[in-house]
């Protein structure tokens, strides 16, 4: 539903300016539905992790005494959820887009491989970001404010609302270098074959490592900080 | 009924204001989150001068008018969404035995005054667009009418969505696709959408009367889909019909409600 409306706006824009940002109309529509498919697996509107609720309720005490890393444990849980949501929430919008507008389907298996690799890394990046947001509850005790902030940053700077190649000038360059671009814009460009494969994957791996690294540091810090609540 | 409404809304407002810092932050964040949609419009118009034949200020005008109606309803009516939770938990019973209408109680249920940030944002955009387009009173008189029409249409939609949940208890997502989807649909000139879709939102679900048809009058433009000029003034009538339907559906829903729980 939302994807269809977004697609019409993008079509109107590309009809006014054909070839804008290196896309043609079909690419723009495809971009719209491919990114729509990312919403569920990457939880782009925020949430997906039970950690904030567990910190608030005090259940996190149990997680911390388990003989497994809290971060990897949560990552495993999230990756499973993402795989399930990719099938259930990801494929239907793409099929809908293909049925209503017709979308570009790459014929080259190499491009599919690049896209799936990029998508998998993007899920990890999205986890890394949401995990950091979740950890902040250890200090803030309430996740509503940061959740809205995260949603604003993620939807806007990832290309979810408009493709990042529409952002003008230096602002566009800046936005393209941020981790949110690596979640949505880069894997979508891999799907469309608009990005150099190895370079793009390298940027994604860089952000995945940075965010997971920060998450690991945060996990260590939260161990000393977290207040176990409940009676 | 109006007095009860404001009494209940005020009670929840006082509750929310008990944490002033969090309250202020939520108003501010609501403002910022809503401003994202405007940022999208601005980015689109950084790349083009006209979208489906409409200029940036005209799109912002349509956006602001629909946004003002929608955010007002989002603040004052959307709490009715929670009716599905109350049906599932069986807590709707307590609403029904209180000496006030169920609709009034549910629309003020956990009334959230921090949404005022979004209302303010839409009003600012609308005000800017009116000033930038230099709209005078000879056509501008329609603006308060269209905002009021929009409020009635969105309120009726939310009420219908609430009524449907008596039947589809487990599907609040289905109905929110309609309420929030309507908001997204009305943010842009309907000229960008396909003809069949526009027909649907004109004659079946009268969303075209929120801002599109009266907006064409205010902007003094012809409908690219070629509807006659008289359509510009049908908004209040369409809103009334939808409101009556919504009221009927809501009464049916309440009447057929069967309590759950032990």
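Every number in this text was worked out from the coordinates using simple rules, so none of it is lab data. Source: prediction; values computed, not measured. Cβ sites come from the backbone with ideal geometry, for glycine too, and all protein chains shown count toward neighbours.
Descriptive notes on the structure:
- Partner chain coverage, peptide B:175-182 - average Cβ within 10 angstrom: 1
- Ranked B:137, B:12, criterion: other C-beta atoms within 10 Å, fewest first: B:137, B:12
- Counting neighbouring Cβ atoms within 10 Å and putting the fewest first, the residues B:61, A:167, B:95, B:225 line up as B:225, B:95, A:167, B:61.
- Model label sites at residue B:255 and residue A:62, defined 7 Å from Cα along the beta-carbon direction, differ in position by 4.8 nm.
- From helices alone, chain A scores -23000 deg cm²/dmol at 222 nm; the rule is -39500 (n - 2.57) for each run of n ≥ 4 DSSP H residues, then divide by the residue total.
- Distance in nm between pseudo-label sites at residue B:50 and residue B:137 (7 Å out along the Cβ direction from Cα): 3.2
- Here the gap between residue A:16 and residue A:87, fully extended at 0.36 nm per residue and compared with their Cα-Cα distance, gives a gain of 22.1 nm.
- Residue order, fewest to most beta carbons within 10 Å, for A:69, B:182: A:69, B:182
- Between residue A:76 and residue A:116, the modelled label-to-label distance comes to 2.3 nm, taking each label 7 Å out from Cα in the direction of the beta carbon.
- Paramagnetic reach from residue B:93 (point 7 Å along Cα→Cβ, amide N under 11 Å) across the range B:230-262: B:259-262
- Centre separation in Å (Cα based) which lies between the range B:113-171 and the range A:120-187: 30
- Average beta-carbon neighbours from other chains, 10 Å sphere, peptide A:4-14: 6
- The mean number of partner chain beta-carbon atoms within 10 angstrom of a residue's beta-carbon across peptide B:186-196 is 3.
- Contact order, relative form, for chain A: 29 percent (alpha carbon pairs under 8 Å, 6 or more residues apart, mean separation divided by residue count).
- Every helix of 4 or more DSSP H residues in chain B counts as -39500 (n - 2.57), and over all residues that averages to -21500 deg cm²/dmol at 222 nm.
- Nearest-ten-degree value, helix A:2-16 long axis tilted from longest Cα axis of chain A: 40
- Using C-alpha pairs below 8 Å separated by at least 6 residues, the relative contact order for chain B is 27 percent.
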